[in-house]
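Notes for the one structure printed next.
Rule-based calculations on the coordinates, nothing more; no lab input. Just so it is clear, the model here is predicted, and its values are computed rather than measured. Because the Cβ atoms are built from the backbone with ideal geometry, glycine has one as well, and the counts that use them run over all protein chains shown.
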């Protein structure tokens, strides 16, 4: 592959974008979203390690910046490295909120199981940390918060992907002008 050929560069950027999408989907790829598996899914979401996701996405963003710099130097034009860290931190913070709510829901479901839990019901509040603040939420509030934060996470992911795509698009325009 030749880095001065815009089609080869575009192919490399496509691969890196697909790696980003794969990494964001990897933690939930094996979920069966049938309501019947709700408790199991909450347990799996509660086990997601957001710091691992952060590190893998950060590595891909570094690869993008290194590739942009290498191509720019080879092609004879100036480019600056993009700061994807702000987007990545926001995405991971939103992801951590989803995981924290899932942990609380799983805790609530675990309390509910068994004979004593059956009589307690879902009204017991569970401490939940969202965006650095602590809340006492019951089961219905937790389900509502989970739905809300899942939508926020989707929006955050879309914003991150759109920003990276626009940045790479701008870079490709510069490359085509030079080539």
Matching label, Rg/Rh (Cα atoms, Kirkwood Rh) computed from the structure shown, candidates [x] 1.14; [y] 1.02; [z] 0.94: [x]
Here the residues of the stretch 126-161 lying in the modelled label zone of residue 28, meaning backbone nitrogen under 13 Å from a point 7 Å along Cα-to-Cβ, are 146-158
Would you kindly state how much longer the chain becomes between residue 147 and residue 165 on full extension, computed as 0.36 nm times their sequence separation minus their alpha carbon distance, in nm to one decimal? 3.8 nm
So the FRET efficiency between residue 39 and residue 158, C-beta based with R0 = 35 Å and rounded to 0.05, is 0.75
Nitroxide proxy distance, nm - points 7 Å out along Cα→Cβ at residue 174 and residue 58: 2.5 nm
Quick note on 88, 142, ordering by fewest other C-beta atoms within 10 Å, gives 88, 142
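Could you tell me the calculated FRET efficiency between residue 7 and residue 129, based on Cβ-Cβ distance and R0 = 41 angstrom, to the nearest 0.05?
Details: r = 48 Å, r/R0 = 1.16.
It comes out at approximately 0.30.
Would you mind calculating the relative contact order of the stretch 6-178 from Cα pairs under 8 angstrom and at least 6 residues apart, reporting the percent as a whole number? Don't jump to the answer; show the numbers that get you there.
Values: 151 pairs, mean separation 43.5, N = 173.
That works out to 25 percent.
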Calculated FRET value between residue 138 and residue 86, using beta carbons and R₀ = 35 Å, to 0.05: 0.55
How far is the Cα center of the stretch 65-103 from the Cα center of the stretch 146-175, in Å? 10 Å
